[in-house]
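The values are calculated or read from the model by the stated rules, or taken from the named source; none is laboratory data. The structure displayed is predicted, hence computed values, not measured ones. All Cβ positions, even for glycine, are placed from backbone atoms using ideal geometry, and neighbour counts span all protein chains on display.
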Amino acid sequence: MGKVRRVREDYGYWTTIPTRWNDNDVYGHVNNVVHYAFMDTLINTWLIEAGLDIHGGTTIGLCVESHCNYRSSISFPDAMHAGLRIGHLGRSSVRYEIAFLAADDTVVAEGHFVHVFVDRTTRKPAEVPTGLRGAMAGLVYP
C-alpha cells in the first residue's frame with residue numbers, strides 16, 4: 001500500500017466497532033488478529049448496507065489478500081473508529097483500504113483487503129454486481 005494520508009476525509013465510509021473484553025491479550029491491548037476480524041466486519045457491514053445479499057445473492061466476495069500495519073495500540077473498552085475507501089475497482093475484484101483510529105484520531109492500524117467476486121455456486125470469477133459497482137465507485141479514492 002502506498003503512502004496513506006491519515007485523515008478522516010480520505011475515507012468515504014466510517015463506522016465504530018466496539019472492542020470486547022476478550023479482544024485484549026495478555027499484554028493488555030487488542031490482539032493483532034482482532035484487527036483482521038474488524039476489517040471483515042467493516043467491509044461486510046458496508047457491503048450489506050450497499051445492497052449485497054450475503055445470504056441469497058448469486059455473487060459473493062472471497063478474500064484473496066489482506067494486510068495490516070500496526071501503528072499504536074487500543075484496549076477494551078475503547079472503540080475502534082474504522083474508515084473504508086476503495087483503492088482499486090476492477091471487473092471482478094476490489095481492493096479496500098482501511099484505517100483504524102482511536103477516539104483521539106491516533107492511527108491504530110491501516111491495511112488493505114482484496115475481494116474477488118465469484119459465482120456463489122461455481123466459484124468462478126464474476127463481475128462486481130452493477131448496483132454494488134455504483135456504490136463502490138463512490139468510495140474510490142483518487
**Report entry** Test: residue in segment 84-100 that is hydrophobic (A, V, I, L, M, F, W, C) and not in a strand (DSSP E or B)
**Finding:** no
Report summary line: When segment 86-142 is checked residue by residue, the ones that are of a type in the set (Asp, Glu) and either buried (at least 18 other Cβ atoms within 10 Å of the Cβ) or within 18 Å of the chain's Cα centre (by Cα) (or both) are Glu97, Asp105, Glu110
Query raised in the report: In this structure, is Pro125 out of contact with any Lys or Arg (no Cβ under 9 Å at 6 or more places or on another chain), over 18 Å from Pro18 (Cβ atoms) and not aliphatic (A, V, I, L, M)?
Result: no
Query raised in the report: If Asp10 satisfies every condition in (1) within 15 Å of the chain's Cα centre (by Cα); (2) at pLDDT 95 or above; (3) more than 14 Å from His112 (Cα to Cα) but one, which is the exception?
Result: (2)
Query raised in the report: Name the residues in segment 28-65 that are surrounded by fewer than 16 Cβ atoms within 10 Å (Cβ to Cβ), in contact (Cβ under 8 Å) with a residue 12 or more places away in the chain and not in a loop (DSSP other than H, G, I, E, B), would you?
Result: Asn32, Asp40, Thr41, Thr45, Leu62, Cys63, Val64, Glu65
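Would you check if there is a residue in segment 8-25 being polar (S, T, N, Q), over 22 Å from Val140 (Cα atoms), surrounded by 14 or more Cβ atoms within 10 Å (Cβ to Cβ) and touching a residue at least 24 places away in the same chain (Cβ under 8 Å)?
Yes, segment 8-25 contains a residue that is polar (S, T, N, Q), over 22 Å from Val140 (Cα atoms), surrounded by 14 or more Cβ atoms within 10 Å (Cβ to Cβ) and touching a residue at least 24 places away in the same chain (Cβ under 8 Å).
Filter segment 27-47 down to residues that are among the small types (Gly, Ala, Ser) and over 10 Å from the mean Cα position of the chain (by Cα), then give me how many there are.
The number of residues fulfilling the criteria is 1.
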**Report entry** Checklist (1) in contact (Cβ under 8 Å) with a residue 12 or more places away in the chain; (2) within 17 Å of Thr16 (Cα to Cα) applied to Asp104, failing item
**Finding:** (1)
Query raised in the report: Looking at Gly61, Gly51, which one is of a type outside the set (Val, Ile, Thr) and at positive phi?
Result: Gly51
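Go through segment 76-85 and give me each residue that's touching a helix residue (DSSP H, G or I) at 6+ places or on another chain (Cβ under 9 Å) and surrounded by 14 or more Cβ atoms within 10 Å (Cβ to Cβ). Break it down stepwise before answering.
Keep residues of segment 76-85 that are touching a helix residue (DSSP H, G or I) at 6+ places or on another chain (Cβ under 9 Å), which gives 76-77, 80-85.
The answer is Phe76, Met80, His81, Ala82, Gly83, Leu84, Arg85.
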Query raised in the report: Being touching a helix residue (DSSP H, G or I) at 6+ places or on another chain (Cβ under 6 Å), of a type in the set (Val, Ile, Thr) and part of a helix (DSSP H, G or I), is that true of even one residue in segment 9-27?
Result: no
